[in-house]
1. List the number of the failed condition for residue 251; all other conditions in (1) in a helix (DSSP H, G or I); (2) charged (D, E, K, R); (3) in contact with a helix residue (DSSP H, G or I) (Cβ under 6 Å, 6 or more places away or on another chain) hold.
2. Residue check: is residue 230 at pLDDT below 95, among the hydroxyl-bearing types (Ser, Thr, Tyr) and out of contact with any helix residue (DSSP H, G or I) (no Cβ under 7 Å at 6 or more places or on another chain)?
3. I'd like to check something: does the stretch 251-264 contain any residue that is over 24 Å from the mean Cα position of the chain (by Cα), outside the structural domain of residue 227 (by TED's automatic domain parsing) and of a type in the set (S, T, N, Q)?
4. Residue pairs, Cβ under 8 Å, 6 or more apart or interchain, first in the stretch 203-217 and without any contact (Cβ under 8 Å) to a residue 60 or more places away in the chain, second aromatic (Phe, Trp, Tyr) and in a helix (DSSP H, G or I). List them.
5. Any idea which of (1) touching a Ser or Thr at 6+ places or on another chain (Cβ under 9 Å); (2) closer than 22 Å to residue 71 by Cβ; (3) at pLDDT below 95; (4) of a type outside the set (Gly, Ala, Ser) is the one residue 249 doesn't satisfy?
6. Being farther than 18 Å from residue 96 by Cα and surrounded by fewer than 20 Cβ atoms within 10 Å (Cβ to Cβ) is the filter here, so list the residues in the stretch 127-140 that pass it.
7. Counting just the residues of the stretch 204-232 that are among the small types (Gly, Ala, Ser) and in a helix (DSSP H, G or I), which one comes out farthest from residue 367 (Cα to Cα)?
8. Assuming residue 120 fulfils every condition listed in (1) more than 22 Å from residue 258 (Cα to Cα); (2) touching a Gly at 6+ places or on another chain (Cβ under 6 Å) apart from one, which condition is it?
Amino acid sequence: MRKMTWTSVLCVISLAGLGIAAVFVYSQLSRKAADASWHKHAVKLRAAGEPITLKEIEQLRPVISPEQNGALIITRLKKELEALEFGEAEGIYYMDKTLTIPDFHSSEHDATLEKSRAFLASHSDLLNSLHELEKSEGGRLSVSYDVGEANPFSMMLPSLKPWRLAGRLLQLETLIAVRDNDIERAVKAIKMQAKLAETIQSEPTLICRLVQLSLDIEIIKSIEILSQLSELDETNARKLEEVIEARLKQRSLKTSIQAERATFVGICDGLAAGRFSWSDIMMTNGEFLPMSYTQIRTNQVNGIEFYNELVQAADDPMSIIRATQDVERRMRAMAGSMFKRHGSHQIIFTLMPSFSRVVEIHASCIARLRCTQIALAASRFRRDKGRLPDSPEDLVPDYLKSAPLDPFTNKQLKIVQTEHGFKIYSIGKDLIDDGGNMAAEKNAPGTPDTGFQWGK
C-alpha cells in the first residue's frame, strides 16, 4: 500500500514537472514568435524608410540656424506674451475670448475698439519684436525627442501658450489696421500670423499640429475681416494667396502620426525590457492588469498595424478620414468598446489616441484654407469681369492653377452669392449641403457647412 502511495506521489510530481516544463516551453515559443513578428514589422518599416523610434524622428527634424529660427523669437518673448493674459487683457478684442468681433457696419462696439487700439499701442515694442518673424525661415523648439531608453512620457515639451497669445496679438493688429483702412499693414500682420505658424511646423507632436491648425483658422478669420471693409487690389490679393498656398503645402498629419507611432514603440520596448512599469507610464496607480512579455509584443504588433494604416493615408484628407474610421471600427471589434481596457489589449486602448477628432479638425481646416484660396481668386475674377465665377473651375487657369476640391467629398467646393459678397464652402463632415450656412444652430442635428465668407 505504501509502495503504491509513493508511486502515485512520484507520478504526480512527474506530471507536475512535465506540466511546468510544457508551460515554460510554450512561454518561450510564444515569446520567440512574438519577437519574430515584431522584428518582421520593424524590418519592413525600415526597408520602406519609415522612422519607428523617437531617435529616428529626431533625426528627421530640419536643422535651422539661430538667425532663421522663428521659434527662438517666441521663446525669447515668452514672459511678455504670457503677461498679456492677465488684467489689462479684459475687454480687449481677441485677448478677451468672451468678446465677439464687432459688426463693422454699426458703431455699437466703438468704445471697445478704441480700448483695443490703446492696448495694441501700449504693446508696440512687443509687436515690433514679433515682426522679426519676417526674416525667419521656419523654426525648431529647443527640445530633443530622442529620449534614449527612458520613458517617452518623461520628455517635457515647452508650453505653446506664447504661440497662441502671439497669434491673438497679431489678429488684433489686423483688426485695427482694417478699421483704419491701412491695408498694407493688415496684410503684413496676416503674413506674420503665417510666419508664426511656420515656427512650429517641423515639430512632430499632435499638440503642435493642433496649435498650427488654430493659427491657420485665425489667419482665415483675419482675411474674412479684411474682406468686410476693403476691396483688395491685385497686389495684396496675390500676397494673401501666396500665404494661403504656403499654408496648404504644410497640411499633412503624417509626421505627427509617425511620432505617435514611435512613442508607442518606445513604450512597448520599455515595458517588454522591464525598464519602466505601468505606473511610470500613466503617472498614476490606476488599475491595470498584469501583462506577459508576449502580450506586450502582441500589443506592439497590433498597434503598429493600426498606426501604419494611418501613416499611409495621412497625406490625403479623405483617405485619412476613412482610415481613421476603419481603425476605430477594428479597435471596437477587438475589445467590444473603444474605451474598454481589455486585459490582452490594454496598451493599445490606453496609449493609442483617438484620432477622429484631430482628423476632423485637420480636414475642416484644409477645407477652409482651400475655400479662402478660391475666395481670393474669385475676388480678382469679379474685379476683372464684374461677376462671380459660376464654379471654381472658371478660375482655372487664369486665376488658379487648379481648382482645389472639398476634402470631405473630393468634389468641387461650392460658391453662393450673398447680399454683401459671397461664400465659398465645403459641406463638412456630415456630407449634407446646408446651402453655405456656416453657423451652428442650437440643438440642430448634424454640423453646419464650413468655408470662407467674403464680405458680410
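The values are calculated or read from the model by the stated rules, or taken from the named source; none is laboratory data. In this text, all values refer to a predicted model and were calculated from it rather than measured experimentally. Counting neighbours? That spans all protein chains shown, and the Cβs are built from the backbone with ideal geometry, glycine included.
1. Result: residue 251 passes all but (1).
2. Numbers: at pLDDT below 95: yes; among the hydroxyl-bearing types (Ser, Thr, Tyr): yes; out of contact with any helix residue (DSSP H, G or I) (no Cβ under 7 Å at 6 or more places or on another chain): no.
Judged against the criteria, residue 230 is not a match.
3. First, the residues of the stretch 251-264 that are over 24 Å from the mean Cα position of the chain (by Cα): none.
No: the stretch 251-264 contains no residue that is over 24 Å from the mean Cα position of the chain (by Cα), outside the structural domain of residue 227 (by TED's automatic domain parsing) and of a type in the set (S, T, N, Q).
4. 211/163; 215/163
5. Residue 249 satisfies all of (1) touching a Ser or Thr at 6+ places or on another chain (Cβ under 9 Å); (2) closer than 22 Å to residue 71 by Cβ; (3) at pLDDT below 95; (4) of a type outside the set (Gly, Ala, Ser) except (1).
6. To start, the set of residues in the stretch 127-140 that are farther than 18 Å from residue 96 by Cα comprises 128-140.
Selection gives 128, 129, 131, 132, 134, 135, 137, 138.
7. First, pick out the residues of the stretch 204-232 that are among the small types (Gly, Ala, Ser): 214, 222, 227, 230.
Now narrow it down to the ones that are in a helix (DSSP H, G or I): 214, 222, 227.
Values: 214: 14, 222: 16, 227: 19 Å.
It comes out as 227.
8. (2)
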